[in-house]
Protein chains: 2
Amino acid sequence: AQMSLEQGYESRREFDARYRLLLRTVHDAVVFVSVTDGRVKDANEPAAALLGTTRDELVGASFAQEFRDKRREEFIDGLVNTSFSDAAAGVEVQTRRSRKKVVVTPSVFRAGGERVLICRLTTSGDVSAKHDELS
Amino acid sequence: AQMSLEQGYESRREFDARYRLLLRTVHDAVVFVSVTDGRVKDANEPAAALLGTTRDELVGASFAQEFRDKRREEFIDGLVNTSFSDAAAGVEVQTRRSRKKVVVTPSVFRAGGERVLICRLTTSGDVSAKHDELS
């Protein structure tokens, strides 16, 4: 619903359909974020649940505001830089609503003329406890 | 590489890009299967690893042949029927190469004029052990 679609091309609709079903099917928590304005372009239910909100509330919101003590520009720049430095690296943050420690693992890519971050979210316990001192 | 793309539409490329990155990012094992011919349209590395093969080998192959004692038509029809009967239901099978017990959880959707199954694969131990007697 958040995606501005032009209708009419069968092949585009195929990827649109595959994309939507894939995002709905997976249990991984995933958020797409615009690098330009830091807003959530799309997200799935597991991501919304981890952040203590709903998918409808999350899509269109500022991604940085979902976390404690994160300012938009620095946070988004940090995710982009992390994505360039190491494909498997994550940034540990604390969610604003649910106060959970979450690791955000970003990749940046170019889509539709703009840069977009795809972020996989895991609770810190899923990965390691070594980041505890950071927040 | 398996997807027959027409180039040229920015918005289609955006979904194409999002789709590919999403499939590459998630740790869930996912396979897209054509209902028409039972062949794998796309799959990710976790799915290939679970089936004991590579992504390159898997894409284009008959999905039924990845499992023991499964004939194409019955297997694909069974997945379609399971998808209609219960959104969360899975079919337990045994992989041909790695001899692992795997639960295939299918959803059917229409994309680009044909019906496609999106299948999430989990090892049986991830879900429950109650299907042990089935294979």
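The values are calculated or read from the model by the stated rules, or taken from the named source; none is laboratory data. Please read these numbers as outputs of a predicted model, since none were measured by experiment. Glycine also receives a Cβ, built like all others from the backbone with ideal geometry; neighbour counts cover every protein chain displayed. Just the protein is used for accessible areas: all its heavy atoms, side chains included, with ligands, DNA and RNA removed. Shrake-Rupley method; radii C 1.70, N 1.55, O 1.52, S 1.80 Å.
Of all residues in the stretch A:8-61, those being in a strand (DSSP E or B) and more than 8 Å from every other protein chain (Cβ to nearest Cβ) number 8.
Evaluating A:G52 against the criteria (1) free of Cβ contacts under 8 Å to residues at least 40 places away in the same chain; (2) over 23 Å from B:C119 (Cβ atoms) leaves one unmet condition, (1). Within the stretch B:27-38, residues that are at positive phi have Cβ atoms under 7 Å from residues that are of a type in the set (K, R) in these pairs: B:G38/B:R72, counting only partners at least 6 apart in sequence or on another chain.
It is to be established whether one or more residues within the stretch B:62-69 are part of a strand (DSSP E or B) and either of a type in the set (D, E) or modelled with pLDDT under 95 (or both). No, because not a single residue in the stretch B:62-69 is part of a strand (DSSP E or B) and either of a type in the set (D, E) or modelled with pLDDT under 95 (or both). Considering only residues in the stretch A:84-100 that are charged (D, E, K, R) and open to solvent by 70 Å² or more (accessible area, probe 1.4 Å), the one that is nearest to the other protein chains (Cβ to nearest Cβ) turns out to be A:D86. Within the stretch B:56-77, being surrounded by 18 or more Cβ atoms within 10 Å (Cβ to Cβ) and under 14 Å from the mean Cα position of the chain (by Cα) holds for B:L58, B:V59, B:F63, B:A64, B:E66, B:F67, B:F75, B:I76. For the stretch B:21-36, a residue qualifies if it is open to solvent by 20 Å² or more (accessible area, probe 1.4 Å), touching a helix residue (DSSP H, G or I) at 6+ places or on another chain (Cβ under 9 Å) and within 27 Å of A:G112 (Cβ to Cβ), and the qualifying residues are B:R24, B:H27. For first residues located in the stretch A:59-77 and at negative phi, partners that are open to solvent by 90 Å² or more (accessible area, probe 1.4 Å) and assigned to a loop (DSSP other than H, G, I, E, B) and lie 6+ apart or on another chain with Cβ distances below 6 Å form the pairs A:V59/A:Q2; A:E66/A:R96; A:F67/A:R96; A:R68/A:R96. Residues in the stretch B:101-127 that are surrounded by fewer than 19 Cβ atoms within 10 Å (Cβ to Cβ) and part of a helix (DSSP H, G or I): B:G125, B:D126, B:V127. Candidates A:R39, A:R18: the one that is closer than 14 Å to B:F32 by Cα and either in contact with a Ser or Thr (Cβ under 7 Å, 6 or more places away or on another chain) or crowded, with 24+ Cβ neighbours inside 10 Å (or both) is A:R18.
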